[in-house]
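Notes to accompany the following structure.
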Amino acid sequence: MENMMIVVTGATGNIGAHLVRTLAEAGRQVTAVSRGGGDVTLPDGVRSVRADLGDPDSLTPAVAGAEALFLLITGEQLVGGPDPELLLKVAEAGGVRRVVFVSSQGVATRSDAQGYARLIAFEEAIRRSGLEWTLLRPAGFYSNTYAWAESVRAERTVAAPFGAVGLPSIDPADIAAVAAAALTEDGHAGQVYTLTGPELSTPQEQAAAIGAALDAPVRFVELTRAQAYTGMSQFMPGPVVEHTLSILGEPTAAEQEISQDVRRVLGRAPASYAEWAERNRDVFA
C-alpha cells in the first residue's frame, strides 16, 4: 500500500498536524481535511480540502480515490451530529478500505457517561462497517495545557484544579505516530490501542516542568471544580466538561494505569511531559 492516498481529518489539530507531517515526510500521498477557512501551511505535496464532518457529503471530494482514512471528531461533533454510518458510507464509496479512529480511554473506563456516547456510537459503527479498522483510545493530551500559555507568559502562573492528582497523559505526536503506523502498516487491523504517556504527571508537576523548560519559576494556583467548569465550558460541550473533570479529580485505577501500547507499536517509549514542555517552550515563553 505504498502509493495509497491517505485522508487525514482534523489535519490542523494537535494530532492531525503531526500526522500530516509524518506521512508527508515518509513520501505518502496525503489529503488534509479541515473545516477552517484560514490560511493553513501544509508540507509540500499535501492536498488541502475543506470539509465539515457535520455534513458527511462535504467529505466526498476528499475521499475520492483514497484508501485509508484517519478519523477524528471534535467540538460539537462529540455530542451530536449525523449518524456515524453516513460518514462511513461516504468514505467507503470514495474507495476507503482502512480507517483509524481516535476515540478515548474513557470509552472503556466510563462507558455510562453521557459525554462518551458519541464516541461509542462511532466505535460501534466502525466495527460493523466491514472496513479494516484500528481504534485509538488515548488518555488526556499534554497539549491541553496550552490553555495555560497566556497566564504563564503574563504572570508565570498556572491555575488548574486537582493539582496533586496524577494521570498518564500523552504527547499528541505519539498518538500521531501510532496512527501513522496503523494507517500504513499491516498487522493493526482489529486492534484497540490504549495510549498513555510513560508516567503519571500532576498539574503541579507539569507547571514545574514548564518552569524548568523556561528556566524560570512558574507558580501553581489551585482552582475549585466550579471555577474549572466555568473556564472549560467556554470551549467544550457541557457533558464533555463534566466527565473530563471527573477523570481529572477522581480517576479510576484503570485511568491511572500506564499502557505499553505505544511501545508495542513504535518500539520506543512515549515522550514524557517534561520532554514535551521543552519542545514546546516557545508557546509559554
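The values are calculated or read from the model by the stated rules, or taken from the named source; none is laboratory data. This structure is a prediction, so every number in the text was calculated from the model and none was measured. Positions of Cβ are generated from backbone atoms using ideal geometry, with glycine treated the same way; all protein chains shown enter the neighbour counts. These area figures cover heavy atoms from the full protein model, side chains too; ligands, DNA and RNA do not enter into them. Shrake-Rupley method; radii C 1.70, N 1.55, O 1.52, S 1.80 Å.
For the subset of region 29-42 comprising residues that are modelled with pLDDT of 95 or more and not aliphatic (A, V, I, L, M), which member is least open to solvent (accessible area, probe 1.4 Å)?
Within region 29-42, the match that is least open to solvent (accessible area, probe 1.4 Å) is 31.
So is residue 168 in contact (Cβ under 8 Å) with a residue 40 or more places away in the chain and in contact with a Phe, Trp or Tyr (Cβ under 9 Å, 6 or more places away or on another chain) or not? Reasoning before the result, please.
Values: in contact (Cβ under 8 Å) with a residue 40 or more places away in the chain: yes; in contact with a Phe, Trp or Tyr (Cβ under 9 Å, 6 or more places away or on another chain): no.
No; evaluated as a whole, the condition is false for this residue.
Just one of 46, 90 is aliphatic (A, V, I, L, M) and within 21 Å of residue 131 (Cβ to Cβ); which is it? Show your work before the answer.
Numbers: 46 fails: within 21 Å of residue 131 (Cβ to Cβ).
After applying the criteria, what remains is 90.
Can you tell me which residue within region 88-123, out of those that are modelled with pLDDT of 95 or more, of a type outside the set (D, E, K, R) and more than 18 Å from the chain's Cα centre (by Cα), is most open to solvent (accessible area, probe 1.4 Å)?
Going through the qualifying residues, I end up with 93.
Of all residues being small (Gly, Ala, Ser) and open to solvent by 10 Å² or more (accessible area, probe 1.4 Å) in region 2-28, which is nearest to residue 181 (Cα to Cα)? Just the residue, please. Quick ask: steps written out before the conclusion?
Of the residues in region 2-28, the ones small (Gly, Ala, Ser) are 10-11, 13, 16-17, 24, 26-27.
Filter once more, so that each one left must be open to solvent by 10 Å² or more (accessible area, probe 1.4 Å): 10, 13, 17, 24, 26-27.
Numbers: 10: 18, 13: 19, 17: 16, 24: 13, 26: 11, 27: 14 Å.
Checking each candidate, the answer is 26.
Considering only region 166-179, state which residues are out of contact with any Gly (no Cβ under 6 Å at 6 or more places or on another chain), among the hydrophobic types (A, V, I, L, M, F, W, C) and open to solvent by less than 10 Å² (accessible area, probe 1.4 Å).
Answer for region 166-179, where residues must be out of contact with any Gly (no Cβ under 6 Å at 6 or more places or on another chain), among the hydrophobic types (A, V, I, L, M, F, W, C) and open to solvent by less than 10 Å² (accessible area, probe 1.4 Å): 175, 176, 178, 179.
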